[in-house]
Amino acid sequence: MTLSAYDLVALALVGGMVWGIHWMNSPRTAVCGNLLGSLCMLGAILLTVFRHGILTRGDLWLSMAAGSVAGSVLAAVVSMVQMPQLVALLNGLGGGASALVAWVVLRGDPSALDAVTKSSGSLALAVGAVTLGGSVIAAGKLHGKIRARPILVYHHTLWSLLSLAVTVAGVAAILAAPAGAAAALSLLILLAAFGFGVLFTIRIGGADMPITISLLNSLSGLAASIAGFALRNPLLVVAGAIVGAAGLVLTQHMCRAMNRSLLNVLTGRTTAGPQAPVEAGAQGAPAARTDEARPAPSVAVTLAQAHTVVIVPGYGMALSQAQRQVKDLSDELEARGKEVRFAIHPVAGRMPGHMNVLLAEVDVPYNKLCEMDAINPEFEQTDLVVVVGANDVINPAAATAVGTPIYGMPILHVTDAKRIIICNKDTQPGYAGVDNPLYTHDNVTLLLGDAKETVARLAGELNGAN
Amino acid sequence: MDAWILLLLFCVGAGVGYKVIRQVPSLLHTPLMSSMNALSGVTVLGALVAAAAALSTGHRVCAMVAVALAMVNVVGGFQVTHRMLSLFRSEKGDGGHPRNE
């Protein structure tokens with residue numbers, strides 16, 4: 001094989017994309033990495049335009065412009081809290097675009113359909129349609145349009161397996177069938193795969209969404225890559241493969257952080273929540289102390305006396321939009337010479353890394369954001385932990401409550417700290433549906449209510465104490 | 001291009017991607033995902049080629065829709081990633097406690 005000038009340019013562009021991702025390994029270089037990646041993508045588009053003589057195709061420029069404007073508006077208006085549903089939506093659009101490309105190829109000139117094109121085209125169509133169907137549901141759940149709890153239709157497993165079987169059979173049949181039948185079969189694959197995507201996502205509970213959108217991220221890349229085979233386009237193959245690998249890395253990371261196997265998540269096992277409340281770890285512990293039971297000054301004194309403070313934010317903080325108040329509290333504490341850090345559980349929030357973005361938005365410096373493994377050994381030397389809207393990720397029941405969704409999940413060991421203040425909305429179980437025995441511990445003070453108000457009150461107490 | 005060479009490229013891409021992406025700290029996993037959204041928009045290249053080669057109006061419209069959808073990913077993905085990455089700031093001045101790695 002001889003490399004043409006085009007191939008060399010394409011190779012350089014892919015190299016640039018990889019280098020851009022490499023720069024994402026540090027927040028200092030990540031902005032440059034992203035710019036490099038976008039420039040390489042622009043280069044790849046221009047290369048394709050010149051190579052295939054579509055410079056004068058006004059309709060295509062118009063499509064590109066329309067998509068670009070829509071993307072730009074989306075990116076500008078979305079809030080950081082809404083990032084999971086945006087990513088889910090974009091997963092779906094990517095998968096949908098790849099499915100459409102495969103669709104056009106399969107239904108094109110039958111004489112041009114060789115075995116590779118037929119098999120990769122139908123596979124890209126299937127994977128793309130699964131991604132689209134799954135992402136639509138995932139985005140709907142994350143956006144609150146669809147109930148977050150697992151939804152089961154009558155004979156759910158049977159329908160899932162059936163749609164999967166039809167998809168696989170369709171892909172196999174397209175290879176054997178005469179070229180003329182490809183069109184009809186492609187419609188069958190599209191519908192069955194879309195149905196499978198919907199069915200497998202709709203039974204996944206909200207707590208497993210970080211895993212789900214990581215997986216769909218991977219699939220959207222895979223669809224692009226396989227479509228690249230059908231079109232014999234090396235850029236699509238490589239870039240798609242990179243995205244596929246990235247989604248896989250994140251899926252693994254999330255599964256490990258929740259101690260779940262991917263199969264368990266996909267089959268919706270143990271996400272429905274336990275039927276019976278879990279026995280509290282601290283047997284015979286007194287009833288939950290609320291701020292009414294404990295005189296308010298003690299909170300102020302606790303805050304004033306602590307030297308090392310770790311703040312544990314959870315999705316509840318995002319829900320009540322209390323990021324600014326949390327930042328203010330940390331500023332107040334630091335102004336008094338205290339050491340403040342943030343403990344970030346890998347699954348805090350609704351997608352990988354979500355909590356970091358939410359805190360970065362209110363100017364919390366990233367060197368104060370500590371990963372779970374780094375901060376866990378340090379809780380013993382911590383005077384005070386302030387939990388804001390987090391429940392499952394600090395629930396000690398994860399170690400003891402066999403058979404519950406969070407059993408075996410690594411948690412933040414906040415119980416090692418001397419005092420804990422929990423600013424949660426209520427004492428209801430979290431997303432996983434497991435009661436938190438921590439609420440009845442002696443060294444725990446509960447401040448129930450809207451985190452925005454309770455955290456602001458904490459900062460106020462601190463001011464009053466000095 | 002030969003299918004075997006493409007398969008080789010696929011394996012190399014997945015392997016290199018896996019290695020590079022494992023180095024990205026979980027601090028940046030959300031922007032990483034949105035930049036992967038942008039990268040999966042690479043399918044726009046395929047959509048452009050398919051549109052240029054389309055035989056019927058129906059196919060052309062399908063391919064044009066694919067071009068537009070993929071461009072939403074490319075532009076939206078890179079732009080929102082940029083927005084997020086611009087938020088990450090290290091501590092200014094002194095008095096900080098370096099994070100334990």
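Tabulated results
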| item | result |
| --- | --- |
| All positions within the range A:77-102 that are closer than 16 Å to A:Leu222 by Cα and more than 7 Å from chain B (Cβ to nearest Cβ) | A:Ala88, A:Gly92, A:Gly95, A:Ala99, A:Ala102 |
| From A:Gly353, A:Gly349, residue being touching a Phe, Trp or Tyr at 6+ places or on another chain (Cβ under 6 Å) and in the same structural domain as A:Leu319 (by TED's automatic domain parsing) | A:Gly349 |
| Of the criteria (1) at pLDDT 95 or above; (2) facing another protein chain (nearest Cβ under 7 Å); (3) closer than 14 Å to B:Arg83 by Cα, which one A:Pro27 fails | (1) |
| Pair list, Cβ < 8 Å and 6+ apart or interchain, from the range B:1-29 residues that are in a helix (DSSP H, G or I) to residues that are modelled with pLDDT under 95 and of a type in the set (Asp, Glu) | B:Ser26/A:Glu371; B:Leu27/A:Glu371 |
| Meets criteria (in a helix (DSSP H, G or I) and touching a residue at least 60 places away in the same chain (Cβ under 8 Å)) for A:Leu222 | yes |
| Residue within the range A:134-151 that is part of a helix (DSSP H, G or I), more than 30 Å from A:Val393 (Cα to Cα) and in contact (Cβ under 8 Å) with a residue 60 or more places away in the chain present | no |
| Selection count where residues are out of contact with any strand residue (DSSP E or B) (no Cβ under 8 Å at 6 or more places or on another chain) and assigned to a helix (DSSP H, G or I), scope the range A:377-404 | 7 |
| Residue count, the range A:217-243 (criterion: at the interface with chain B (Cβ under 7 Å from one of its Cβ atoms) and within 22 Å of the chain's Cα centre (by Cα)) | 10 |
| Residue within the range A:142-149 that is buried (at least 17 other Cβ atoms within 10 Å of the Cβ) and either in contact with a strand residue (DSSP E or B) (Cβ under 6 Å, 6 or more places away or on another chain) or within 26 Å of B:Ala66 (Cα to Cα) (or both) present | yes |
| Filtered residue count, the range A:378-392, keeping only those that are over 16 Å from A:Arg419 (Cα atoms) and within 11 Å of chain B (Cβ to nearest Cβ) | 0 |
| Candidates A:Ala75, A:Ala148, A:Ala169 - the one that is closer than 24 Å to A:Leu190 by Cβ and not hydroxyl-bearing (Ser, Thr, Tyr) | A:Ala169 |
| Residue selected from the range A:151-168 under the condition β-branched (Val, Ile, Thr) and touching a Phe, Trp or Tyr at 6+ places or on another chain (Cβ under 9 Å), by the criterion surrounded by the fewest Cβ atoms within 10 Å (Cβ to Cβ) | A:Val153 |
| Extreme residue, modelled with the lowest pLDDT, among residues of the range B:69-101 that are surrounded by fewer than 24 Cβ atoms within 10 Å (Cβ to Cβ) and more than 19 Å from A:Glu361 (Cβ to Cβ) | B:Glu101 |
| Flag for A:Asp435 being assigned by TED's automatic domain parsing to the domain that holds A:Ala397, free of Cβ contacts under 8 Å to residues at least 60 places away in the same chain and among the acidic types (Asp, Glu) | no |
| Residue count, the range B:56-71 (criterion: out of contact with any Ser or Thr (no Cβ under 8 Å at 6 or more places or on another chain) and facing chain A (nearest Cβ under 7 Å)) | 4 |
| Flag for A:Val312 being under 22 Å from A:Met83 (Cα atoms), part of a strand (DSSP E or B) and not hydroxyl-bearing (Ser, Thr, Tyr) | yes |
| Search result, residues across the range A:348-367 that are facing another protein chain (nearest Cβ under 7 Å) and in a helix (DSSP H, G or I) | A:His354, A:Asn356, A:Val357, A:Ala360, A:Glu361, A:Tyr366, A:Asn367 |
| Any hit, the range B:31-48, residues being farther than 22 Å from A:Val249 by Cα and out of contact with any helix residue (DSSP H, G or I) (no Cβ under 7 Å at 6 or more places or on another chain) | no |
| Test: A:Leu262 is hydrophobic (A, V, I, L, M, F, W, C) and either over 25 Å from the mean Cα position of the chain (by Cα) or modelled with pLDDT under 95 (or both) | yes |
| Those residues of the range B:80-94 which are within 7 Å of chain A (Cβ to nearest Cβ), more than 11 Å from the chain's Cα centre (by Cα) and not aliphatic (A, V, I, L, M), in sequence order | B:His82, B:Arg83, B:Ser86, B:Phe88, B:Arg89, B:Ser90, B:Glu91 |
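The values are calculated or read from the model by the stated rules, or taken from the named source; none is laboratory data. Note that the structure is a prediction, hence the values are computed from the model and not measured. Glycine also receives a Cβ, built like all others from the backbone with ideal geometry; neighbour counts cover every protein chain displayed.
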